[in-house]
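Notes for the one structure printed next.
The values are calculated or read from the model by the stated rules, or taken from the named source; none is laboratory data. If you're wondering where the values come from, they're calculated on a predicted model, not measured in any experiment. Virtual Cβ from ideal backbone geometry, glycine too; neighbours counted across all protein chains shown. With ligands, DNA and RNA removed, areas are computed over all heavy atoms of the protein, side chains included. Shrake-Rupley method; radii C 1.70, N 1.55, O 1.52, S 1.80 Å.
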Amino acid sequence: MSNVLFVCVANSGRSVIAERLFRRAASDRHAVRSAGSAPGTQAHPEVLAALEEIDIDASDHVPHKLDDADVEWADVVVATCDDACPVVPGKHYVNWQLPDPKGRSLDEVRAIRDDVAARVDELLAEL
């Protein structure tokens with residue numbers, strides 16, 4: 001069992017999609033969290049809508065600030081955004097560099113969601 005941490009800046013979009021898709025796909029085989037270096041106040045509405053379409057309710061998500069406890073807990077750290085995401089030394093590090101869903105159309109967010117779903121499947125196959 002691995003502990004997987006999805007990280008981004010606001011913990012309101014990309015990392016939320018990744019965490020929720022990973023949680024569903026991994027079931028009880030792995031543990032998952034997400035966090036942000038500068039968390040927002042809530043998940044982006046377009047992200048919630050795109051997840052709801054595939055029967056994932058993320059309305060309870062509260063953005064969480066990345067802290068030392070998260071880093072210590074994680075075996076694998078997945079940066080879901082570009083260079084603005086923090087690099088966590090000493091961990092297995094994966095960089096996905098996904099586009100920010102904030103303010104994008106639902107069609108664009110669906111494409112991001114589907115890309116993340118494929119990447120989650122690949123990551124699970126590696127673990």
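Just for segment 77-103: of the residues that are surrounded by 15 or more Cβ atoms within 10 Å (Cβ to Cβ) and under 11 Å from GLY13 (Cα atoms), which one is modelled with the lowest pLDDT? Looking at residues that are surrounded by 15 or more Cβ atoms within 10 Å (Cβ to Cβ) and under 11 Å from GLY13 (Cα atoms), I get CYS81.
For segment 17-26, a residue qualifies if it is closer than 13 Å to ASP121 by Cβ and either of a type in the set (Phe, Trp, Tyr) or open to solvent by 30 Å² or more (accessible area, probe 1.4 Å) (or both), and the qualifying residues are PHE22, ARG24, ALA25.
Residues considered: ARG29, ARG14. Of these, the only one that is surrounded by fewer than 24 Cβ atoms within 10 Å (Cβ to Cβ) and not β-branched (Val, Ile, Thr) is ARG29. Please go through segment 1-14 and give me each residue that is in contact with a Leu (Cβ under 9 Å, 6 or more places away or on another chain) and within 14 Å of ASP70 (Cα to Cα), ordered by number. Listed by number, the residues that qualify are SER2, VAL4, LEU5, VAL7, CYS8, ASN11. Among the residues making up segment 107-117, a single one is touching a helix residue (DSSP H, G or I) at 6+ places or on another chain (Cβ under 7 Å) and either assigned to a strand (DSSP E or B) or open to solvent by 60 Å² or more (accessible area, probe 1.4 Å) (or both): ARG110. For segment 1-11, taking the residues that are in a loop (DSSP other than H, G, I, E, B) and not β-branched (Val, Ile, Thr), the one that is surrounded by the fewest Cβ atoms within 10 Å (Cβ to Cβ) is identified as MET1.
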